[in-house]
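Trainee: Supplied in structure tokens, the structure appears directly below.
The values are calculated or read from the model by the stated rules, or taken from the named source; none is laboratory data. None of the values given here were measured: they were computed from a predicted structure. Cβ placement follows ideal geometry from the backbone for every residue including glycine, while neighbour counts extend to all protein chains displayed.
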Amino acid sequence: MQDSKYSHTEVERAAQAHWTARDAYRVSEDAGRKKFYACSMLPYPSGKLHMGHVRNYTINDMLTRYLRMNGYNVLMPMGWDAFGLPAENAALKNGVPPAQWTYENIAYMKQQMQAMGLAIDWSREIATCDPGYYKWNQWLFLKMLEKGIAYRKTQVVNWDPVDQTVLANEQVIDGKGWRTGATVEKREIPGYYLKITGYAEELLDFVTGDKLPGWPERVKLMQENWIGKSEGVRFAFPHGIRGEDGQLIQDGRLYVFTTRADTIMGVTFCAVAPEHPLAAHAAKSDPMLAVFIEDCKRGGTTEAELALKEKEGLPTGLSVTHPLTGEPVPVWVGNYVLMGYGDGAVMGVPAHDERDFAFATKYGIAIKQVVAAEGKTFSLDAWQDWYGDKQQGATANSGKYDGLAHKAAVDAVAADLAAKGLGEKKTTWRLRDWGISRQRYWGTPIPIIHCGDCGPQPVPEKDLPVVLPQDLVPDGSGNPLVKSDAFHAGVVCPCCGKPARRETDTMDTFVDSSWYFMRYCDPHNGEAMVAEGARYWMPMDQYIGGIEHAILHLLYARFWTKVMRDMGLVQVDEPFTKLLTQGMVLNHIYSRRTEKGGKEYFWPHDVEHVLDEGGKIVAAKLKNAVGDLPVGTPIDYEGVGTMSKSKNNGVDPQDLIEKYGADTARIYTMFAAPPEATLEWNDAAVEGSYRFLRRVWNFGARLSAMDSVATEASLVGARSLKDVQFGKEAKALRLEVHTVLKQIDYDYQRMQYNTVVSGAMKLLNALEDFKSGEAQGGLVALIEGFGILLRALYPVTPHVAHVLWQQLGYAGALGDLLDALWPRVAPDALVQDEIELMLQIGGKLRGAIRVPAGASREEIEKIAVASEDFAKHAAGAVPKKIVVVPGRLVNVVV
């Protein structure tokens, strides 16, 4: 070997130069080989990779390299989710166009990925802000518009009255604009929607009908809950409330939907959304209610946001009529009721709904029990889980429905409501159509032209793409596209030819990520969205990404795929055959309250722990001075959490690679935890990973120092070892090596990469412990074993494995490690000359004996009685009986 000392910088530079010269990872379609498409979720080009990226991409890389060694044609592409709000925020802060910031970040992050040695086919690289990519967003949108899948309607948005701009939900903090601090208003403006609800049944069927067996159950459950199919009863509370025009509001019916029609006799109030017509009517004569409704409108508009808010309400002074009893039911306005869900109203049954119970208890509304369970006592003191359990008990205090179980009661109530013409059984969905209009600049322009005479018109297909100007700089005063003369210059109506203006809304960035994985298959095709490449590679065989994308991204990607299928663009029902959601990377968090009440965070390298007697962390203090804070300053220990720049607990992959090398970063993130589990960062374990690689290198140097002729001959012999005579020690080494290889191969197949690494460590231990001085096959066994170790390590630490493989001469005998076949377990190596049996005397374990593998029962008995352990513990007693359990033990009864 050229260098006896491990220099990760030189090793990784040499390996990457070799791969670059070979264009090693360029992949093409090959009908003669079995394909495998493995893809990680594309990153947002925020500026730097984080350790979550390192973990995600290493998982993908290990899979790619392992499968390539097993003869697969493997595609591992990469791209950039390049549109979005962070680029606009950076533009506001730095005064540069989002395009400049984005492309600079892409260049830097690509360098980081290349430094990791990832087997990415960069010839397929895409960026979603490239007109050649988003042209097809626009093209498919227009096709959806033709088919009625895309449509236009008004939408409620967050409006900042100072900046005169629409804010995303994440830009609204405590009801105020993130930049101006102004109270955010709700406004209704027109926008475009995609009819994902038209695919709700099929989207649900695939996650509940065992049609995605390669998906984690928890992800399928999350999708199922988000789609939210509910079978229940929609019915009306009649009323005589009239508006200023003298007409009955909503025809005198307040409609609600419920899955618990069996509890209808327990209704003690109804709650309506702040935007509901009854709320608006009541507010006209109630100033306090009007203020409350306006306050509600300033809050969040999503179900997730409302779930976190305290449930508040005010009575309207109005009442509706119970459809079965005829009794009046008071109407309240509730901040937890969404106008966009169902009919914007809910029935309140406090006794059997936990939310209603809390609401009624808070405001003194009556609570009426109408379900009873044997052995259970109902109390108003506190909520009990059985109150809302429809599987327990039967209806009570419900007149003719008393004693009925849940389903029977629902059926009976539904029948009576239907007979009155007030209700019917109905299936509802939590899923809502996907609003894709964003009143922001940095995104795909929606291809619509607005004409004063003809209204909104689709851009002709021949004029696509509608190109987004890349030189605009947002200044906080609204979408700069609105004021861009160049963007609107020369635009005429496709129908009448009169001057017109472009749509200035851009598409939700979930559109970009809903099909990018298909574009990887045909990245340079300017004539079609997808073509032959997609027919070869899709569906994707393995998708890898964070659990945070388990709902919306995956749901939209599934929907988009089904739309493309129905338009004849692809032939698959689902885009992803298998899904792996890797765990997050965690690190310790340290902080202290500042004099002004804020929170200051500290880097782990500046902190030392204070431990209790049991070694548990109970506090922390500074080991380095930070600012004006001296060494020893007590600080708060917050436990572990996701790495974050804002909390000063991140680890920069670039620093790690420079100090220890990419292979160390890769092997640490794989060894520390199984891929699906969270990984708690440990600096000492990182150093341990580096020491292991140094041991591997040193062992290679030890082999290299041996007689080169013998080494080369052994390498050639390692290709076919049938004629090699192995002595006892060499056979034992080969048994250990091939036994561990069998487990490593199994772990690779199930993507249990932490135990792959531990298996490689076992292999190195066995090789280091072996004494190779014997004449019969010792060197051959050693060279064979190290060749197996290098191939086992190659997918996780490709740089060091490649260089050792080259320098030791394996490439001459077995080919470039890129193309070397995965090592096969040799059946003859697993055949043992001797086996070990436990020795019991009188049923107590007293030692062990070694016997020939094919020894008869009589031979085993003789060896047991003649053993030193028997002589020592039997004290001269004569065996009365000997029990042999084949392959396990011998029990001598004395």
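Trainee: Return a yes/no flag: does region 602-611 have any residue that is in a strand (DSSP E or B) and acidic (Asp, Glu).
Mentor: Step one: of region 602-611, the residues in a strand (DSSP E or B) are 602, 607-611.
Okay, now just the ones that are also acidic (Asp, Glu), so 608.
Scanning region 602-611, I find at least one residue that is in a strand (DSSP E or B) and acidic (Asp, Glu), so the answer is yes.
Trainee: Of (1) out of contact with any Ser or Thr (no Cβ under 7 Å at 6 or more places or on another chain); (2) under 30 Å from residue 546 (Cβ atoms); (3) of a type in the set (Val, Ile, Thr), residue 156 satisfies all except one. Which?
Mentor: (1) is the only condition that residue 156 fails.
Trainee: Right, another one. Out of all the residues in region 630-657, which are outside any loop (DSSP other than H, G, I, E, B), free of Cβ contacts under 8 Å to residues at least 12 places away in the same chain and surrounded by 13 or more Cβ atoms within 10 Å (Cβ to Cβ)?
Mentor: Here is the first cut: in region 630-657, the residues outside any loop (DSSP other than H, G, I, E, B) are 634-642, 645-647, 653-657.
Add one more test, that the residue is free of Cβ contacts under 8 Å to residues at least 12 places away in the same chain, and what stays is 645, 655.
Across region 630-657, the qualifying residue is only 645.
Trainee: Can you list residue pairs whose Cβ atoms sit under 9 Å apart, with the first residue in region 878-890 being in the same structural domain as residue 858 (by TED's automatic domain parsing) and the second being surrounded by 10 or more Cβ atoms within 10 Å (Cβ to Cβ) and in a loop (DSSP other than H, G, I, E, B)? Count only pairs 6 or more apart in sequence or on different chains.
Mentor: 878/894; 879/894; 880/894; 881/894
Trainee: Among the residues in region 641-657, are any of a type in the set (Val, Ile, Thr), out of contact with any Cys (no Cβ under 7 Å at 6 or more places or on another chain) and within 30 Å of residue 598 (Cα to Cα)? Break it down into steps so the answer makes sense when it comes.
Mentor: Within region 641-657, the subset of a type in the set (Val, Ile, Thr) is 642, 651, 657.
Still in the running and out of contact with any Cys (no Cβ under 7 Å at 6 or more places or on another chain): 642, 651, 657.
Those left that are additionally within 30 Å of residue 598 (Cα to Cα): 642, 651.
Looking for residues that are of a type in the set (Val, Ile, Thr), out of contact with any Cys (no Cβ under 7 Å at 6 or more places or on another chain) and within 30 Å of residue 598 (Cα to Cα), one finds at least one in region 641-657, hence yes.
Trainee: Just the residues that are out of contact with any Phe, Trp or Tyr (no Cβ under 7 Å at 6 or more places or on another chain) and either farther than 14 Å from residue 582 by Cβ or part of a helix (DSSP H, G or I) (or both), please, taken from region 668-679. Before the answer, list the steps.
Mentor: Going residue by residue through region 668-679, those that are out of contact with any Phe, Trp or Tyr (no Cβ under 7 Å at 6 or more places or on another chain) are 668-669, 671-674, 676-679.
The answer is 668, 669, 671.
Trainee: Another question, if that's okay. Scan region 523-530 and tell me whether some residue there is within 34 Å of the chain's Cα centre (by Cα) and over 19 Å from residue 462 (Cα atoms). Quick ask: steps written out before the conclusion?
Mentor: Here is the first cut: in region 523-530, the residues within 34 Å of the chain's Cα centre (by Cα) are 523-530.
Next cut, over 19 Å from residue 462 (Cα atoms) only: 523.
There is at least one residue in region 523-530 that is within 34 Å of the chain's Cα centre (by Cα) and over 19 Å from residue 462 (Cα atoms).
Trainee: For residue 275, state whether it is touching a strand residue (DSSP E or B) at 6+ places or on another chain (Cβ under 9 Å) and outside any helix (DSSP H, G or I).
Mentor: So residue 275 passes the test.
Trainee: Looking at region 349-369, I want the residues that are touching a residue at least 40 places away in the same chain (Cβ under 8 Å) and have a partner that is surrounded by 19 or more Cβ atoms within 10 Å (Cβ to Cβ) and of a type in the set (D, E, K, R) with Cβ atoms under 8 Å, at least 6 apart or on another chain. Which pairs are those?
Mentor: 349/260; 349/356; 350/356; 352/260; 353/260
Trainee: Restricting attention to strands (runs of 3 or more DSSP E) lying wholly within region 127-234, give those where 1 or more residues are in contact with a helix residue (DSSP H, G or I) (Cβ under 6 Å, 6 or more places away or on another chain) and buried (at least 19 other Cβ atoms within 10 Å of the Cβ). Explain how you work it out, then say what you get.
Mentor: On the way: elements: 150-160, 165-167, 185-194.
Output list reads 150-160.
Trainee: Next up: Tell me yes or no: at least one residue of region 697-707 is at pLDDT 90 or above and either of a type in the set (D, E, K, R) or closer than 22 Å to residue 63 by Cβ (or both).
Mentor: Yes, region 697-707 has at least one match.
Trainee: Next question. Could you check how many residues of region 336-377 are among the aliphatic types (A, V, I, L, M) and assigned to a helix (DSSP H, G or I)? Working first, answer last.
Mentor: Our first condition is that a residue be among the aliphatic types (A, V, I, L, M); within region 336-377, this holds for 337-339, 345-347, 349, 351, 358, 360, 365-367, 370-373.
Among the residues that remain, those that are also assigned to a helix (DSSP H, G or I) are: 351, 358, 360.
Within region 336-377, residues that are among the aliphatic types (A, V, I, L, M) and assigned to a helix (DSSP H, G or I) number 3.
Trainee: I would also like to ask the following. If I ask for residues that are part of a loop (DSSP other than H, G, I, E, B) and over 20 Å from residue 60 (Cβ atoms), which ones from region 530-584 would you list? Spell out how you get there, then give the answer.
Mentor: The initial filter retains those residues of region 530-584 that are part of a loop (DSSP other than H, G, I, E, B), namely 530-531, 538-539, 541, 550-551, 567-575, 577, 583-584.
Answer for region 530-584, where residues must be part of a loop (DSSP other than H, G, I, E, B) and over 20 Å from residue 60 (Cβ atoms): 530, 531, 551, 567, 568, 569, 570, 571, 572, 573.
Trainee: For region 820-841, indicate whether the set of residues that are of a type in the set (Gly, Ala, Ser), within 30 Å of residue 689 (Cα to Cα) and in contact with a His (Cβ under 9 Å, 6 or more places away or on another chain) is non-empty.
Mentor: We begin by selecting, within region 820-841, every residue of a type in the set (Gly, Ala, Ser); these are 820, 826, 829.
Checking which are within 30 Å of residue 689 (Cα to Cα) leaves us with 820, 826, 829.
From the residues that got through so far, the ones that are in contact with a His (Cβ under 9 Å, 6 or more places away or on another chain) too are 826, 829.
Checking region 820-841: at least one residue is of a type in the set (Gly, Ala, Ser), within 30 Å of residue 689 (Cα to Cα) and in contact with a His (Cβ under 9 Å, 6 or more places away or on another chain).
Trainee: Turning to a different aspect of this structure: Cβ contacts < 7 Å: first residue closer than 9 Å to residue 372 by Cα, restricted to region 383-394; second residue modelled with pLDDT of 95 or more and assigned to a helix (DSSP H, G or I), any location; separation 6+ or different chain. Result?
Mentor: Listed by first residue and then by second, the contacts come to 387/351; 387/352; 392/386.
Trainee: Assigned to a loop (DSSP other than H, G, I, E, B), at pLDDT 95 or above, in contact with a helix residue (DSSP H, G or I) (Cβ under 7 Å, 6 or more places away or on another chain) and of a type in the set (Asp, Glu), is that true of residue 527? Explain how you work it out, then say what you get.
Mentor: Working: assigned to a loop (DSSP other than H, G, I, E, B): yes; at pLDDT 95 or above: yes; in contact with a helix residue (DSSP H, G or I) (Cβ under 7 Å, 6 or more places away or on another chain): no; of a type in the set (Asp, Glu): yes.
Considered against the rule, which asks whether it is assigned to a loop (DSSP other than H, G, I, E, B), at pLDDT 95 or above, in contact with a helix residue (DSSP H, G or I) (Cβ under 7 Å, 6 or more places away or on another chain) and of a type in the set (Asp, Glu), residue 527 comes out as no.
Trainee: Of all residues in region 349-366, count the ones that are within 42 Å of the chain's Cα centre (by Cα) and among the aliphatic types (A, V, I, L, M). Working first, answer last.
Mentor: Within region 349-366, the first condition is being within 42 Å of the chain's Cα centre (by Cα), and the residues that meet it are 349-363.
Those still in the list that are among the aliphatic types (A, V, I, L, M) too: 349, 351, 358, 360.
Residues flagged as within 42 Å of the chain's Cα centre (by Cα) and among the aliphatic types (A, V, I, L, M) within region 349-366 amount to 4.
Trainee: Now, a different point. What are the residues in region 472-507 that are under 41 Å from the mean Cα position of the chain (by Cα) and among the hydrophobic types (A, V, I, L, M, F, W, C), if any? Quick ask: steps written out before the conclusion?
Mentor: Keep residues of region 472-507 that are under 41 Å from the mean Cα position of the chain (by Cα), which gives 472-484, 486-488, 501-507.
Residues satisfying the conditions are 472, 473, 481, 482, 486, 487, 507.
Trainee: Also: How many of the residues making up region 485-509 are part of a loop (DSSP other than H, G, I, E, B) and buried (at least 17 other Cβ atoms within 10 Å of the Cβ)?
Mentor: Within region 485-509, the subset part of a loop (DSSP other than H, G, I, E, B) is 489-491, 493-498, 500, 503-505, 508.
Filter once more, so that each one left must be buried (at least 17 other Cβ atoms within 10 Å of the Cβ): 491, 493, 500, 503-505, 508.
Number satisfying all stated conditions: 7.
Trainee: Okay, next question. Just one of the numbered conditions (1) touching a Gly at 6+ places or on another chain (Cβ under 8 Å); (2) closer than 20 Å to residue 220 by Cα; (3) hydrophobic (A, V, I, L, M, F, W, C) is not true of residue 521; which one?
Mentor: For residue 521, the exception is condition (2).
Trainee: Continuing with this model, one more query. In the set 589, 617, which member is in contact with a helix residue (DSSP H, G or I) (Cβ under 6 Å, 6 or more places away or on another chain) and aliphatic (A, V, I, L, M)? Outline the logic, then answer.
Mentor: Working: 617 fails: in contact with a helix residue (DSSP H, G or I) (Cβ under 6 Å, 6 or more places away or on another chain).
Among 589, 617, only 589 is in contact with a helix residue (DSSP H, G or I) (Cβ under 6 Å, 6 or more places away or on another chain) and aliphatic (A, V, I, L, M).
Trainee: For region 235-272, which residues satisfy the criterion of being touching a residue at least 40 places away in the same chain (Cβ under 8 Å), small (Gly, Ala, Ser) and part of a helix (DSSP H, G or I)?
Mentor: Matches in region 235-272: 261, 266.
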